[in-house]
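Have a look at the structure below, then the notes.
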Amino acid sequence: MLPSLHYLCQRTLRIPIASVGLVRKYLSWENEQQCRGLLEKSTVRYKKETMRAAVLVSLCSVAGDPAILYTLRSSTLTGLYKGEVSFPGGKRDDSDQDAITTALRETHEELGIQLKEDCVWGIMRPVPDRTNMMVAPVLANLGPLENLTLKPNPQEVEAVFTLSFSHLLQEKNQGYTHYCRDGIFCYTMPVFLHGPHRVWGLTAIITELTLELLAPGKYLPSFLRHGTFLACPSYSRKQQHASHCYPNKT
């Protein structure tokens with residue numbers, strides 16, 4: 001029986017910031033309350049709006065260290081995203097009440113875990129995918145990964161892995177990709193390197209938004225690091241060309 005995630009959140013996260021390490025504070029109870037407050041307006045807004053798709057940005061801890069959980073989509077799937085790193089999620093069903101319902105339902109279908117809404121911290125601002133469909137990132141804390149029994153659906157998920165905050169916040173693991181249209185520079189997007197799989201595209205953008213929210217001052221967005229702004233929200237492979245992936249200079 002899967003233990004109540006609400007209980008897990010309450011039991012593991014109510015730790016004063018002063019008593020934990022610099023990295024572990026990101027999932028502390030104080031930081032959760034701060035993030036919930038920052039996301040309150042956007043959560044109210046996007047719960048009312050009909051979002052066509054949503055993903056669950058799955059915070060968790062692994063051996064006590066804060067991390068983010070990712071999936072590698074099955075290479076046997078059809079569509080644009082097969083074989084890519086992603087967050088659990090997908091398109092809205094007619095029965096879904098809101099973006100949170102969509103994200104939790106899709107996570108259950110993909111990973112076999114039944115999550116409760118009280119572990120959701122809020123809804124971040126939606127981001128367009130390469131087809132210009134707006135995707136709502138739903139931020140949630142799964143608690144200690146060791147306490148969960150993941151049952152990935154092999155028809156949808158090829159692998160599940162985590163990247164710790166300490167890994168994501170190291171500049172040597174942060175890169176960027178320049179995108180051009182018709183030979184003209186268009187914008188720069190973040191890439192996260194040196195993990196089991198490269199995190200890029202929409203998933204990297206949402207990861208960047210998550211780090212900005214949870215670790216302000218510790219993570220510098222890619223457009224600030226490189227003096228460029230993500231000017232083109234759509235990144236269709238048919239219309240644009242990606243240059244090489246560049247690790248950040250240390």
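May I ask which of K47/K151; K91/K172; K25/K172; K151/K218 have a Cα-Cα span longer than 32 Å here?
K91/K172; K151/K218
Would you mind calculating the relative contact order of the stretch 132-202 from Cα pairs under 8 angstrom and at least 6 residues apart, reporting the percent as a whole number? Provide the component values of the computation, followed by the final result.
On the way: 51 pairs, mean separation 12.3, N = 71.
The normalised contact order for the stretch 132-202 reaches 17 percent.
Given a 1.4 Å probe and heavy atoms of the protein chains only, how would you sort C60, C180, largest accessible area at the top? Write out the running numbers ahead of the final one.
Numbers: C60 0, C180 30 Å².
From most exposed to least exposed: C180, C60.
Rank these residues by their accessible area, most exposed first, probe 1.4 Å: H194, H108.
Output order, biggest surface exposure first: H194, H108.
Would you please put 131-137, 203-209 in order of how densely packed they are, using the mean number of other Cβ atoms within 10 angstrom per residue and starting with the highest?
Output ranking for 131-137, 203-209: 203-209, 131-137.
Rank by packing, highest mean first: peptides 187-193, 162-168, with packing defined as the count of other Cβ atoms within 10 Å averaged across residues.
187-193, 162-168
Using amide H atoms built 1.01 Å from N in the peptide plane, name the residues 5+ places from M133, or on other chains, whose amide H lies under 5 Å from its own.
Distant-sequence amide H within range of M133: zero hits.
The values are calculated or read from the model by the stated rules, or taken from the named source; none is laboratory data. Not measured: the values here are computed from a predicted model. A quick note on method: Cβ atoms are made from the backbone with ideal geometry, for glycine too, and the neighbour counts reach across all protein chains shown. Accessible surface areas use protein heavy atoms only, side chains included; no ligands, DNA or RNA. Shrake-Rupley method; radii C 1.70, N 1.55, O 1.52, S 1.80 Å.
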